[in-house]
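The values are calculated or read from the model by the stated rules, or taken from the named source; none is laboratory data. All of these numbers come straight from a predicted model, not from anything done at the bench. Note that we place each Cβ from the backbone using ideal geometry, even for glycine, and neighbour counts take in every protein chain shown. Note: areas computed on protein heavy atoms with side chains; ligands, DNA, RNA excluded. Shrake-Rupley method; radii C 1.70, N 1.55, O 1.52, S 1.80 Å.
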Amino acid sequence: MKKIDISSNGYIFNSLSELEEEDRKLIELAAVARKKAYAPYSKFNVGATILLDNGTIISGNNQENAAYPSGMCAERVAIWKASSEFPGVTVKKIAITAASLEYTVKDPVGPCGACRQTLYEYEFNQKEPIQILFMGETGKIIKVESLASLLPFSFNSSFL
Ligand code: THU
């Protein structure tokens with residue numbers, strides 16, 4: 001038996017002012033997108049902003065539905081919007097922020113498992129890491145270097 005290391009490679013920042021300008025701008029734009037979320041059922045608004053290698057910034061937010069499972073997370077709205085408008089263009093970063101209408105979200109809110117898997121598809125294909133930044137409404141920000149580090153032993157197209 002041999003021990004394996006599955007720790008994530010990331011950083012925690014105390015406030016937006018500690019971020020490099022590009023990252024701060026992405027989070028701020030994610031907050032703009034978050035405020036336009038359609039989340040009347042959960043009252044949990046999420047915004048996501050994607051920076052492409054060609055400099056384009058694409059935003060998305062969660063879109064809910066009265067038939068609950070028909071809704072969609074902000075991250076997947078954003079990545080599919082990016083892929084549909086700019087197929088094959090390398091994704092550099094995604095920034096995510098979440099806020100509830102019922103309490104102040106102070107802890108960083110990481111992407112759900114389905115969003116990690118969806119984002120990983122693009123990282124695997126482009127063979128370049130996608131950086132992920134995530135936070136609540138206020139408080140600390142976590143930055144992780146790649147989807148692979150958020151999703152160890154992930155499934156990908158090489159198995160098919
Ligand atoms: N949500 C996201 O947009 N992203 C995530 O990674 C987790 C959850 C949304 C889905 C739903 O509209 C609301 O947050 C509550 O789950």
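A few comments on the model shown:
- All of S100, S84 fail the test of being away from the ligand (no atom under 11 Å from the Cβ) and out of contact with any His (no Cβ under 7 Å at 6 or more places or on another chain), apart from S84.
- If only residues of the stretch 130-149 that are open to solvent by 30 Å² or more (accessible area, probe 1.4 Å) and of a type in the set (G, A, S) are counted, the one that is nearest to K35 (Cα to Cα) is G139.
- Test: residue in the stretch 2-11 that is at pLDDT below 95 and over 23 Å from E145 (Cβ atoms): yes
- Any hit, the stretch 6-21, residues being over 22 Å from F124 (Cα atoms) and small (G, A, S): yes
- Residue match in the stretch 91-98 (condition: among the hydrophobic types (A, V, I, L, M, F, W, C), at pLDDT 95 or above and in a loop (DSSP other than H, G, I, E, B)): no
- Residue satisfying all of: in the stretch 38-70; within 8 Å of the ligand (Cβ to nearest atom), small (G, A, S) and open to solvent by less than 20 Å² (accessible area, probe 1.4 Å); nearest to I12 (Cα to Cα) among these: A48
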